[in-house]
1. When ranked by the protection proxy of mean other Cβ atoms within 10 Å per residue, highest first, what sequence do the peptides 154-165, 295-306 form?
2. Between the alpha-carbon centers of segment 307-331 and segment 204-253, tell me the distance in whole angstrom.
3. Would you mind classifying segment 138-201 by shape? Square roots of the alpha carbon gyration tensor eigenvalues, ordered a ≥ b ≥ c; an a/c under 1.5 is rounded, otherwise it is prolate if a/b is larger than b/c and oblate if not.
4. Return the FRET efficiency for the residue pair residue 151, residue 74: r is the Cβ-Cβ distance, R0 is 56 Å, and the value is rounded to the nearest 0.05.
5. Once you have a ≥ b ≥ c as the square roots of the Cα gyration tensor eigenvalues for segment 289-330, tell me rounded if a/c is under 1.5, and otherwise prolate or oblate according to whether a/b is larger than b/c.
6. Would you calculate the separation in nanometres between label points at residue 221 and residue 253, each defined as 7 Å from the Cα along the Cα-to-beta-carbon direction?
7. Rounded to the nearest 5, what % of the DSSP beta bridges within segment 242-347 are antiparallel ones?
8. Is segment 227-363 rounded, prolate or oblate when judged by the Cα gyration tensor, a ≥ b ≥ c being the square roots of its eigenvalues, rounded requiring a/c under 1.5 and prolate requiring a/b larger than b/c?
């Protein structure tokens, strides 16, 4: 496969790499399989997919970065978490000490990081054992439907329903990474061209259909939605100016993760070639059905801020976790699917900076 990362000159937009790499042991948050039982405390929520249109992944074709180099102050500001609560209040969470120190150290020329030989990265050619039994689709469509969404890890993955300021309903995909925390893409939460923040976020884990009867674990309203401040502040009229910041988190009102579990996530200092799994709700398939794609990600197509691959995705797949199996066969999220181009699809990579950003918000 040809080297496809050249289609996005992300590094030029940031001027310098901001990431300081922790060791494997310090850089991975473990998953939790949960019991698979739905909480009885959460109120029942009726919902319908009839009017929702899957969110289109942003396109990167023909875009040229032109952002100015960032100072230390600007870089730290870009990692502020900006949020909106369910009652309409704007929320700000400043970059914590760990993230500030990482940025300062890298900008000052510090090496940071740990000995790469001590890391234990995701594996290539290893399929998740749970799979046994316009993409943009590249070549033959090899996506497979998840028939039993009540299995782990599939019950941690769900569809996100939302509304824009214009009243349009949309869908994305997301993954539980804590009792109340859903990891997704920023563009699923904030739309620059449609008034900013979207609203009425509803997360439905393990959905298999279009009605409440098809939601084995119920549906859960959001308490707060967060995006990286750089996704808002660095926008220059085209998506390429903010793709490195396209990461978002939804905090739910109820801790459904205590029952269905959550996925682990982490940063690997030297992320080499690995087998990627992307599970979500692509809009070209029957509404409300969960599908997985698997493909090999080459080391040459992985940068500090992003990675590219030819896993098959479609509108609605935005926000899906990109996860791999480590050497201990543990599932680890290493990125979030965000965009498409004629040559490849793109994920924001969880690097050391984003690891700190996520940890600060994870509940």
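1. Per-residue Cβ counts within 10 Å, averaged per peptide and sorted highest first, yield 154-165, 295-306.
2. Centre-to-centre (Cα) distance: 16 Å.
3. oblate
4. 0.80
5. Here segment 289-330 falls in the oblate category.
6. Roughly 0.3 nm, to one decimal.
7. 90 percent
8. Judged from the Cα gyration tensor, segment 227-363 comes out rounded (a/c under 1.5).
Read the figures in this text as sums done on the coordinates, not as results from a lab. Quick caveat, the model's predicted, so the values are computed rather than measured. Quick reminder, even Gly has a Cβ in these numbers, built from the backbone with ideal geometry, and neighbours come from all protein chains shown.
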